[in-house]
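The values are calculated or read from the model by the stated rules, or taken from the named source; none is laboratory data. Since the model is a prediction, treat every value here as computed from it, not as a measurement. When we count neighbours, we look across all protein chains shown, and the Cβ atoms used for this are built from the backbone with ideal geometry, even at glycine.
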Amino acid sequence: MEQHGKRGPMNVSDNPGDLLAQSATFGAMTEGTALDWKIIAAHNQHLANDVASRVLDHLKLLEGDHGGFSVDRMEHSLQTATRAYRANKSDEYVVCALLHDIGDTLGSYNHQDIAAAILKPFVTEDHLWMVEKHAVFQGYNFFHHLGLDRNMRDQFEDHPAYDLTVEFCQEFDQTAFDPSYDSMALQEFVPAVEELFAEPKSSIYITDEGQMAGTNSGSS
Ligand SMILES: [Fe+2]
Ligand SMILES: [Fe+2]
């Protein structure tokens, strides 16, 4: 019978293929060794290499979710991204537009924070702020119908990304509920999504050399 759980002493080389065939042995982190963490780092890098496809899989959860709007949230996402693309925005901006509501299925009270958290390692500060604050800025278009302050965004008027975020909400986000709009297919955005998530700009797990800590990219 195959044994799981506790294993005997390991005798492995630290090339990535071998590392991916192994698991760490500790039951508490205080017992971890450098080799344990090389193994975990190799698995983590392997997982990170495919993050774009998992993000896209999660985005697809918005399909069929109308939430009372005239288009479902996937169509809204595609339409927002398409409008940004057709306005010649950068690929990074377009991906932010595509993903800005990806948190709708998980964050009923703060969906903007979920998109921001996913994008944070990969985008500029301004684009991150735009995504994180879009919910407040979008409120300009409807908060007054709900007894809320439509000018909630005013608290940020001195922020360097204020105009960027106003433009995003007014030009691309609030306009993207049109059932007759000719949106691009999700597939057309996949290369830009894969490119964006291929390499983080910053993360606590990235070394000064730009590698995932504990991995030796390009060597064994
Ligand atoms: Fe939103
Ligand atoms: Fe939106």
Where a residue in region 120-145 is in contact (Cβ under 8 Å) with a residue 40 or more places away in the chain and its partner, wherever it lies, is surrounded by fewer than 18 Cβ atoms within 10 Å (Cβ to Cβ) and outside any helix (DSSP H, G or I), with Cβ under 7 Å and at least six apart: Pro121/Pro200; Pro121/Lys201; Pro121/Ser202; Pro121/Ser203; Phe122/Pro200; Phe122/Lys201
Only one of Ala213, Ala176, Ala161 that is touching a helix residue (DSSP H, G or I) at 6+ places or on another chain (Cβ under 9 Å) and at pLDDT below 95: Ala213
Ile114: passes all of (1) within 12 Å of ligand 2 (Cβ to nearest atom); (2) touching a Gly at 6+ places or on another chain (Cβ under 6 Å) but (1)
Identity of the residue in region 154-173, free of Cβ contacts under 8 Å to residues at least 12 places away in the same chain and part of a loop (DSSP other than H, G, I, E, B), that ends up surrounded by the most Cβ atoms within 10 Å (Cβ to Cβ): Glu157
Name the helices (runs of 4 or more DSSP H) wholly inside region 8-94 in which the number of residues that are in contact with a strand residue (DSSP E or B) (Cβ under 7 Å, 6 or more places away or on another chain) and surrounded by fewer than 19 Cβ atoms within 10 Å (Cβ to Cβ) is 1 or more. 34-48
Within region 138-153, is there a residue that is part of a helix (DSSP H, G or I) and under 23 Å from the mean Cα position of the chain (by Cα)? yes
